[in-house]
Each structure stands twice: as structure tokens, then as C-alpha cells.
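As C-alpha cells, the structure follows; a few thoughts come after it.
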Amino acid sequence: VAGGVGALVDLGDGDDSYQSGSFSQGGGYYFSFGLMYDDGGDDRNAGSRYSQGFGVHQAVGIRWDAAGNDSYSCRSVAHTGMAWDEGVGCLLDDRGDGWQVKIGGDGRIGDQAHQGGEGDAFLHMGVS
């Protein structure tokens with residue numbers, strides 16, 4: 001049976017480390033909705049493929065971090081707010097001094113970074 005709703009919510013403000021494989025960290029797959037929310041702290045996020053706010057096959061996925069200086073890395077290019085086959089994916093990093101996205105695990109494929117003032121937000125969104 002297709003569809004469903006899933007949420008992982010952290011309302012604390014600790015410095016967290018999230019490490020996962022494929023299809024994780026705020027993703028939606030095949031008519032579903034997935035959310036991963038972290039309220040604060042300087043967090044490290046590492047995934048493999050389809051992670052950190054992806055939506056695939058008419059699904060919606062959101063990875064939202066509300067505060068902190070956070071980093072995101074993934075071993076493939078299918079992550080951080082990507083969408084495929086009529087899906088919606090969103091990575092929202094809110095209220096921090098900076099963020100960093102590495103593609104290819106250590107940045108071999110690509111690397112983005114931002115060091116801004118308090119209150120800056122980063123939104124990466126895909127719609128297909």
C-alpha cells in the first residue's frame with residue numbers, strides 16, 4: 001500500500017550528528033510525506049542517497065533545521081531538497097550564522113557554503 005506520514009522531531013538545542021543511508025532524513029517516497037525537524041544546535045548531517053529533504057514519485061519531503069551553524073553532506077547528487085517524478089523536496093536551514101553542503105561525501109562533486117549574519121536562512125527546493 002502506498003502513502004503514509006512520518007516525522008522525526010528534535011525540540012532540543014544540542015549539537016547533533018545525524019548519519020544515515022539511503023531514503024532518510026526527511027524524505028517522502030511514493031505518495032507519502034516525510035519531515036525531519038531539528039530546533040537548534042550546530043548539527044552535522046550525513047546521508048548516502050535520497051536524504052535530507054527529498055520527494056520522489058508524487059511525494060513530499062522536508063528537512064528543516066530551525067537554528068545553528070549546520071553542515072550537510074551526501075555521497076551522491078540525489079539529496080538536499082531534490083525532487084523526482086512529480087515530487088517536492090525541501091531543505092530549509094533557518095536562523096544560523098552559516099551552513100555548508102558537500103556533495104560526494106567530502107565535496108568531490110560539489111561544495112556550497114555560506115557564512116552570513118544571524119537570522120539568515122537557506123532554502124533549497126526541488127519540484128518535478
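The values are calculated or read from the model by the stated rules, or taken from the named source; none is laboratory data. From a predicted model like this one, the values you see are computed outputs, not experimental measurements. Here the Cβ positions follow ideal geometry from the backbone for every residue, glycine too, while neighbour counts run over all protein chains shown. Just so you know, the surface numbers come from the protein's heavy atoms only, side chains and all, with ligands and any DNA or RNA stripped out. Shrake-Rupley method; radii C 1.70, N 1.55, O 1.52, S 1.80 Å.
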message = Going residue by residue through the stretch 33-46, is there one that turns out to be farther than 24 Å from Val127 by Cβ, assigned to a loop (DSSP other than H, G, I, E, B) and under 12 Å from the mean Cα position of the chain (by Cα)?
response = yes
Criterion violated by Phe31 - all others in (1) among the aromatic types (Phe, Trp, Tyr); (2) modelled with pLDDT of 90 or more; (3) surrounded by 15 or more Cβ atoms within 10 Å (Cβ to Cβ) satisfied = (3)
query = Restricting to the stretch 47-75, what's the tally of residues that are surrounded by fewer than 24 Cβ atoms within 10 Å (Cβ to Cβ), in contact (Cβ under 8 Å) with a residue 40 or more places away in the chain and assigned to a strand (DSSP E or B)?
reply = 0
message = Any residue that is closer than 15 Å to Val127 by Cα and either open to solvent by 40 Å² or more (accessible area, probe 1.4 Å) or at pLDDT 90 or above (or both) - is there at least one of those in the stretch 7-28?
response = yes
note = Counting only residues in the stretch 85-94 that are of a type outside the set (Gly, Ala, Ser) and under 11 Å from Gly28 (Cβ atoms), the one least open to solvent (accessible area, probe 1.4 Å) is identified as Cys90
query = Val1 fails exactly one of the following numbered conditions: (1) surrounded by 15 or more Cβ atoms within 10 Å (Cβ to Cβ); (2) at pLDDT below 90; (3) not charged (D, E, K, R). What is the number of that condition?
reply = (1)
